[in-house]
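Quick note: the coordinates plus some simple rules give every number you see, no bench work behind them. If you're wondering where the values come from, they're calculated on a predicted model, not measured in any experiment. Counting neighbours? That spans all protein chains shown, and the Cβs are built from the backbone with ideal geometry, glycine included.
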């Protein structure tokens, strides 16, 4: 056993897969110990806040102010407020007004503004512009003037009489230190369509999905092992019946059965466990076939016959003389079943047949939510991309472990 | 030809047995589930109605419509009769369209998308896998991990990635649908062009996934065959490498064909989900809208149609396999 383990861990593929899988597992276990918030808590009022550090504006007003005279602060301020659309519109006006097209560079904010200042004249009549467009340019010009102003902003509060009273002046060169602001929240992956912290939700979802995969894989492997063993070892009528059923379910697509069963169970009854059990019940076919094939080839080996002659009981023969020979195969099958169980849950959830949505997140449900709210088309990558990466990493690592084991146990594939 | 008869009859027999079994599962599974589907439907419809007699009347009407007030066996024969006539009843969510009408509009989109894509992926995957086994070295070192990773991406994941890169960011292809929203299906160049453009992303997302899985399988098979005794013997006899490789890959191919027949069900299942991502007007989207609309007759009919699709595809592959594998001919003429 010790020797075998050493041999397995010497396989590069297995080791890479094992490392990725264990890392994910460790994150799933330890992350909730650090971030203690419930994963489905709705914190954001609104949908899809982008990833980043969220600093409380109210608290930052009270924090100590530091004056930093940074050279490019003004330019950065304008650049961040001047959108691509506005830039393109400015370039359009300038070309219509007769400025050479090659002189206009909309990526260079400073040059663009200078060009605008020297050329723009709101009284100038440019043919082809509608009144609405003309007004748009006037508004744009006004807002640009606002951007360029260096006046301070005033913070005011209402006093007892309900009159505004100046409380503080904030000049463009005032800064606060984020460490001194009372409320700062880092959302590394932003929030989802419900306003929930995606990272916390994702970690929980990965854990639940892995559990679903594990339960489904365990059930499938147990059923497959039992059927395969009985068909292969007992043979005869039992073999015929089991093989008949197995052959049927090999061609009837299990995913279709899964859809049918999940839909029939109904939304209220579908918990994560139920889904796991249903997936397990529909995916034992491959294990059963393979175990049977192996047992048939083992059944008439000498050591099995010897055991029979010695009067050992059936359970004893199966446990001592057959199982050890197919153990490696069964473990490999289990690994694959876990991986396909996770994928099956994800597929079901995207079709709206996943676990009911109120209790726990799963990777598939997160995907489903993101798709329903069209995150992929609106460009909210943080809502779906980390989910896909997590699913792919889990299933990739499991399959890599499987390939590694295959190379250890099947020397023909090595060299 | 005569030698094949038993093989074909055997396969045909299995085709019908599985068909009947699938049909029975399709009928009995939902009815074995806890809860009364009709009661569930009525509960949803009758929300806000507090007149018990009214609710009772709605229940009666639906029980009549679905025939659930009749004994199970009678229901079954009614169902068989109706399905044979192509009658799956009315769709709930798209009433007054019949389920058959909805399915007739969507099934060809799925068939035309999935089967060409699976076959293309299978061909490319096998070629790459065989090359990896033959060339080894860097090509193999790169291809194997990439294939493992790609084949482990769920079909919908690949679909989303392609969608975001090529449709949302690069804007080369449309984001959703099977044809432009401004077009009405007709046989003119405008429509066909739109269909072809909309076809690309769903097609390639399926092809890429299929390539990964097939390449891994073909690689293992080819390595196994390349190390077989007959190859060593042939080399020993001085037969040209090119000729040996031809034999090796023909032999490695055979299990891959069986593998395709067995895996087609899984592939179709995964691809249905990919269709949903692209809002492709096929069966996947039909299932989604049926689930959303709690459309019971529609789900049941769609699952039956997908099963029949997969069974037929499997049957066709097995028949082709009979022609290709010399062992089958040999076994029959004994």
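Between residue A:121 and residue A:175, the FRET efficiency estimated from the beta carbon spacing at R0 = 35 angstrom works out to 0.40. Between the beta carbons of residue A:305 and residue A:92, assuming R0 = 60 Å, the FRET efficiency works out to 0.10 to the nearest 0.05. Per-residue mean of foreign Cβ neighbours for A:156-165 is 0 (Cβ atoms of other chains, 10 Å radius). Annotation: peptides B:213-219, A:235-241, B:104-110, ranked by per-residue average of other Cβ atoms within 10 Å with the highest first, follow the order B:213-219, B:104-110, A:235-241. Across chain A, the relative contact order, built from alpha-carbon pairs under 8 Å that are at least six residues apart, equals 25 percent.
Ordered by the number of other Cβ atoms lying within 10 Å of each residue's own Cβ, fewest first, A:299, B:327 fall into the sequence B:327, A:299. Taking 0.36 nm per residue of separation and subtracting the Cα-Cα distance, full extension of the segment from residue A:4 to residue A:23 would add 4.5 nm.
Contact order, relative form, for chain B: 27 percent (alpha carbon pairs under 8 Å, 6 or more residues apart, mean separation divided by residue count). Against chain A, whose longest principal axis comes from its Cα atoms, helix A:285-299 is set at around 30 degrees. A simple spin-label model places pseudo-atoms 7 Å from Cα toward Cβ; at residue A:273 and residue A:241 they are separated by 3.0 nm. Evaluated at q = 0.09, 0.10, 0.14 Å⁻¹, the base-10 log of the normalised Debye intensity for chain A, with identical point scatterers placed on the Cα atoms, takes the values -0.79, -0.89, -1.25.
Across peptide A:387-394, the mean count of Cβ atoms from other chains lying within 10 Å of each residue's own Cβ comes to 4. One Cα centroid belongs to segment A:229-258, the other to segment A:85-155; the line between them spans 74 Å.
Hey, rough spin-label estimate for residue A:69 and residue A:102, points 7 angstrom out along Cα→Cβ, what's it come to in nanometres? My value for the distance between the label points is 4.1 nm.
Per-residue Cβ neighbour counts within 10 Å put B:85, B:235 in the sequence B:85, B:235, beginning with the fewest.
Extension gain for residue B:229-residue B:73 works out to 50.3 nm (0.36 nm per residue, less the C-alpha to C-alpha distance). Evaluating kT/(6 pi eta Rh) at 25 °C and 0.890 mPa s, with the Kirkwood radius of the protein assembly as shown over Cα pairs in the Stokes-Einstein relation, gives 80 µm² s⁻¹. Stretched out straight at 0.36 nm per residue, the stretch from residue A:30 to residue A:410 would grow longer than its current Cα-Cα span by 133.2 nm. For peptide B:168-180, the mean count of partner chain Cβ atoms within 10 Å of a residue's Cβ comes to 1. For segment B:176-334, the relative contact order comes to 23 percent (Cα pairs under 8 Å, sequence separation of at least 6). For B:198, A:407, the sequence from fewest to most other C-beta atoms within 10 Å is A:407, B:198.
Here the simple spin-label model places points 7 Å from the Cα toward Cβ, and for residue B:31 and residue B:236 these points are separated by 6.5 nm. In chain A, the longest principal axis of the Cα atoms and the axis of helix A:84-96 are about 50 degrees apart. The calculated FRET efficiency for the pair residue A:182 and residue B:191, based on their C-beta separation and a Förster distance of 41 Å, comes to about 0.10.
In chain B, the longest principal axis of the Cα atoms and the axis of helix B:189-226 are about 50 degrees apart.
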